[in-house]
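Chemist: Have a look at this one.
The values are calculated or read from the model by the stated rules, or taken from the named source; none is laboratory data. Since this is a predicted model, take the numbers as computed values, not measurements. Using ideal geometry, Cβ is built from the backbone for each residue, glycine included, and neighbour counts are taken over all protein chains shown.
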Amino acid sequence: MRWIVTKVVKNLLWNMGYQVFILLLPIVTIPYVSRVLGPTGIGINAFTNSIVQYFVLFGTLGLTMYGNREVAYQRDNPKKLSNLFWELTILRLGTTGIATLLYLGFILLSGQYQTFYLIQGLLLIATAVDVSWFFQGLEEFRITVLRNTLVKIISLILIFMLVRTRYDLWLYILILTGSQLLGNLTLVPYLRHYVVPPHWSDLKLSNHLAPTIQMFVPQIATQVYLQVNKTMLGAFVGVQASGFYDNSDKIVKILLAVVTATGTVLLPHTAHSFAQGKHDEVEGSLNASMHFILVIAFPMAAGLAGVAPIFTQIFFGKGFDPVSNLLVIESTVIVLIGVSNATGVQFLLPTNQLAPFTTSVILGALANMILNVPFILLWKSDGAMVATVLSELLVTSYQLVKVKDQVRVRFVFREVWKYFLASLIMGVSVRVCVSILDLSSLMALVGVIVYGALIYTIALLLLRPKVLLKMLSSFRKLYR
């Protein structure tokens, strides 16, 4: 038991460390890129990327999440594991090949941004050679983290060296897409430790078609309300509005990467426990991760809303003022997606309950599309963001209803008010501080963040959440 917990904690720390690195990377690049490329350049990148993501989605066909889970199921059987890799890889090459041909046809028919679309197409090649799902299923996070970190550092250096004017937008997109491709290729040599050459007669690709298509449905729905907002804003309002939305979304998704890091780590672990019939471990993982998520999601949301004005001014510069309101609105999804990540990715998917998970994201996508048109026409970027928040609220609410009879939801949420109250006190304090003081430097922003973290910690210590303290106590005893 101790070995299992140690491995999970190590994987979580590796993944969390990588997510923190990803969090710091845009903090370095965003101020520079926003000022060099301007709102229009940022908007073109956001709009063209939103288009290519639809083709990437078709190319993956639900294989990433499905492959992660199936590897976790089969990792104790080397022969089945190797066959599974080849079956899913061949299937992935086929689907991404078809998606690439369709994308090239789209580029030929498009009358604008063809050069940028072509460069964005490297993401399709990156998708075809992506094997990270295999290592995640094996819970080998160290390999993916180290390689991806190295590639990210190289891309950071290249951005500062080569992207110098607004005419270098094509080069900026090339660096982003090329680094993604390079990062995926660097994982391939490690496969020799786990995979042997296939016996073609033993491969059964058709066995995976139905379940991957089932996984594809929720991914389509998820992608709709990840990308359709930027696409519709670009079409209805203009690429600048798409860029404003994208800048806000990038910051929130960076914070979400830290919050949902547990999902990436615990999906294969929970799937493996479920396959062995260890249902108590499955519920225990969900309870622990939910508390971990909530204790950091609430302060992140409140803190981001509090520092939004100064953050926008410092990091995006002139011309990006609308991003401030978008950050305040979108900050709430940090909590909503954090909860749905626990109930959906960490519980419903690894326990093979795909139907409720699929239904939840389809409902969210439909709500987003229905609300987007009137909201965008009325309030432009703000309207798209409100539609996103309401859609995520629907997804989270539906999933909670579906899991309430399988896990002790009341136990999970019984001390949420303490996390919320401590975060509210911190958020209000930070916002008052930002409003009263004339803060306009990076050091001032860092100071406000440290101040907010201190306020939250003190408030939490005074409220003394029993479940969190018990978890920390158990963890200390385990490592004595």
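Chemist: If you take just the helices (runs of 4 or more DSSP H) that sit entirely in segment 401-480, which of them hold at least 1 residues that are modelled with pLDDT under 90 and basic (Lys, Arg)? Give the derivation first.
Modeler: Details: elements: 409-413, 416-436, 442-463, 466-478.
Answer list for segment 401-480: 409-413, 466-478.
Chemist: Can you tell me which residues in segment 203-237 are under 16 Å from residue 381 (Cβ atoms), at pLDDT 75 or above and not small (Gly, Ala, Ser)? Show your work before the answer.
Modeler: Residues of segment 203-237 under 16 Å from residue 381 (Cβ atoms): 225-237.
Checking the rest, the ones that are also at pLDDT 75 or above come to 227-237.
Selection gives 227, 228, 229, 230, 231, 232, 233, 236, 237.
Chemist: In this structure, is residue 48 under 18 Å from residue 173 (Cβ atoms) and in a helix (DSSP H, G or I)? Give the derivation first.
Modeler: Working: under 18 Å from residue 173 (Cβ atoms): yes; in a helix (DSSP H, G or I): yes.
When the stated conditions are applied, residue 48 passes them.
Chemist: Here's something else I'd like to know. Filtering segment 52-99 down to residues that are touching a residue at least 60 places away in the same chain (Cβ under 8 Å) and acidic (Asp, Glu), which residue is surrounded by the most Cβ atoms within 10 Å (Cβ to Cβ)?
Modeler: Checking each candidate, the answer is 70.
Chemist: Okay, next question. Step by step: first the residues of segment 253-293, then only those that are farther than 11 Å from residue 350 by Cα and modelled with pLDDT under 65, then the one that is surrounded by the fewest Cβ atoms within 10 Å (Cβ to Cβ). Which residue is that?
Modeler: 264
Chemist: If you don't mind, another one. Can you name the residue in segment 70-106 that is of a type in the set (D, E, K, R) and not in a helix (DSSP H, G or I) and is also nearest to the chain's Cα centre (by Cα) among such residues?
Modeler: 75
Chemist: Please pick out the residue among 67, 43, 59 that is assigned to a helix (DSSP H, G or I), at pLDDT below 85 and among the small types (Gly, Ala, Ser).
Modeler: On the way: 43 fails: at pLDDT below 85; 59 fails: at pLDDT below 85.
Checking each option against the conditions leaves just 67.
Chemist: While we're looking at this one, here's another question. For residue 102, are the conditions met, namely being touching a residue at least 40 places away in the same chain (Cβ under 8 Å), surrounded by fewer than 20 Cβ atoms within 10 Å (Cβ to Cβ) and aliphatic (A, V, I, L, M)?
Modeler: Working: touching a residue at least 40 places away in the same chain (Cβ under 8 Å): yes; surrounded by fewer than 20 Cβ atoms within 10 Å (Cβ to Cβ): yes; aliphatic (A, V, I, L, M): yes.
Against the criterion (touching a residue at least 40 places away in the same chain (Cβ under 8 Å), surrounded by fewer than 20 Cβ atoms within 10 Å (Cβ to Cβ) and aliphatic (A, V, I, L, M)), residue 102 qualifies.
Chemist: Of the residues 312, 359, 351, which is more than 18 Å from the chain's Cα centre (by Cα), among the β-branched types (Val, Ile, Thr) and in a loop (DSSP other than H, G, I, E, B)?
Modeler: Numbers: 312 fails: in a loop (DSSP other than H, G, I, E, B); 359 fails: in a loop (DSSP other than H, G, I, E, B).
Selected residue: 351, the only one of 312, 359, 351 that is more than 18 Å from the chain's Cα centre (by Cα), among the β-branched types (Val, Ile, Thr) and in a loop (DSSP other than H, G, I, E, B).
Chemist: While we're here: Which numbered condition in (1) within 30 Å of residue 210 (Cβ to Cβ); (2) assigned to a helix (DSSP H, G or I); (3) out of contact with any Pro (no Cβ under 8 Å at 6 or more places or on another chain) is the only one that residue 386 fails?
Modeler: Among (1) within 30 Å of residue 210 (Cβ to Cβ); (2) assigned to a helix (DSSP H, G or I); (3) out of contact with any Pro (no Cβ under 8 Å at 6 or more places or on another chain), the lone unmet condition for residue 386 is (1).
Chemist: Let me ask another. What residue, of 197, 189, 218, is surrounded by fewer than 17 Cβ atoms within 10 Å (Cβ to Cβ), in contact with a helix residue (DSSP H, G or I) (Cβ under 9 Å, 6 or more places away or on another chain) and not aromatic (Phe, Trp, Tyr)?
Modeler: 197
Chemist: Still on this structure, I have one more. Of all residues being surrounded by fewer than 16 Cβ atoms within 10 Å (Cβ to Cβ) and free of Cβ contacts under 8 Å to residues at least 60 places away in the same chain in segment 414-434, which is nearest to residue 314 (Cα to Cα)? Just the residue, please.
Modeler: Across segment 414-434, the extreme among qualifying residues is 432.
Chemist: Out of the residues in segment 177-194 that are in contact with a Leu (Cβ under 8 Å, 6 or more places away or on another chain) and among the β-branched types (Val, Ile, Thr), state the one that is farthest from residue 145 (Cα to Cα).
Modeler: Selected residue: 177.
Chemist: While we're on this one: Can you go through 115, 127 and tell me which one is of a type outside the set (A, V, I, L, M), within 20 Å of residue 50 (Cβ to Cβ) and buried (at least 19 other Cβ atoms within 10 Å of the Cβ)?
Modeler: On the way: 115 fails: buried (at least 19 other Cβ atoms within 10 Å of the Cβ).
Exactly one residue qualifies, and that residue is 127.
Chemist: Can you name the residue in segment 294-334 that is under 20 Å from residue 250 (Cβ atoms) and among the aromatic types (Phe, Trp, Tyr) and is also surrounded by the most Cβ atoms within 10 Å (Cβ to Cβ) among such residues?
Modeler: 316
Chemist: Scan segment 164-214 residue by residue and report those that are part of a loop (DSSP other than H, G, I, E, B) and among the aliphatic types (A, V, I, L, M).
Modeler: From segment 164-214, those part of a loop (DSSP other than H, G, I, E, B) are 164-165, 186-187, 194-199, 203-204; that's our starting set.
If the condition is that a residue be part of a loop (DSSP other than H, G, I, E, B) and among the aliphatic types (A, V, I, L, M), then 187, 195, 196, 203 are the ones that fit.
Chemist: Can residue 393 be described as under 27 Å from the mean Cα position of the chain (by Cα), within 30 Å of residue 241 (Cβ to Cβ) and modelled with pLDDT under 85?
Modeler: On the way: under 27 Å from the mean Cα position of the chain (by Cα): yes; within 30 Å of residue 241 (Cβ to Cβ): yes; modelled with pLDDT under 85: no.
Spelling it out, it is not the case that residue 393 is under 27 Å from the mean Cα position of the chain (by Cα), within 30 Å of residue 241 (Cβ to Cβ) and modelled with pLDDT under 85.
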